[in-house]
Amino acid sequence: MIKCHLSRLMGEKKLKIADVTRETGINRGTITRLYHESAERVDLDVMSKLCAFFECELGELFEYIE
């Protein structure tokens with residue numbers, strides 16, 4: 001199982017979904033699905049934009065849990 005830490009990263013910076021959408025250009029629906037951990041797939045472009053925006057490594061955004 002892959003856990004997405006987007007909600008935690010957003011909470012730490014007090015950001016709303018609309019803020020991330022506006023700043024990254026990522027579709028609001030995509031951000032919402034990642035935030036609620038209901039996304040079934042994520043494009044590499046989306047992961048790259050989120051890592052750049054939050055200035056984090058991929059491992060800080062996603063975590064593999066057995």
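Inside segment 18-34, residues that are buried (at least 16 other Cβ atoms within 10 Å of the Cβ) and assigned to a helix (DSSP H, G or I) make up a count of 7.
Scanning segment 35-44 for residues that are in a helix (DSSP H, G or I) and either of a type in the set (Ser, Thr, Tyr) or within 19 Å of Asp19 (Cβ to Cβ) (or both) yields a count of 1.
Considering only residues that are touching a helix residue (DSSP H, G or I) at 6+ places or on another chain (Cβ under 9 Å) and part of a helix (DSSP H, G or I), look in segment 55-66 and name the one that is least open to solvent (accessible area, probe 1.4 Å). Among those residues, the one meeting the criterion is Leu61.
Considering every residue within segment 1-9, establish whether at least one is open to solvent by 80 Å² or more (accessible area, probe 1.4 Å) and modelled with pLDDT under 95. Scanning segment 1-9 turns up at least one residue that is open to solvent by 80 Å² or more (accessible area, probe 1.4 Å) and modelled with pLDDT under 95. Name the single residue, out of those in segment 43-54 being closer than 25 Å to Glu66 by Cα and free of Cβ contacts under 8 Å to residues at least 24 places away in the same chain, that is surrounded by the fewest Cβ atoms within 10 Å (Cβ to Cβ). Looking at the filtered set, the residue picked out is Leu44. Filtering segment 1-42 to residues that are aliphatic (A, V, I, L, M) and farther than 20 Å from Glu57 by Cβ leaves Ile17, Ala18.
The values are calculated or read from the model by the stated rules, or taken from the named source; none is laboratory data. Everything numeric in this text was worked out from a predicted model, so none of it was measured. Note that each Cβ is placed from the backbone with ideal geometry, even for glycine, and that neighbours are counted across all protein chains shown. Each accessible area value is taken on the protein alone, full model and side chains, heavy atoms only, with ligands, DNA and RNA left out. Shrake-Rupley method; radii C 1.70, N 1.55, O 1.52, S 1.80 Å.
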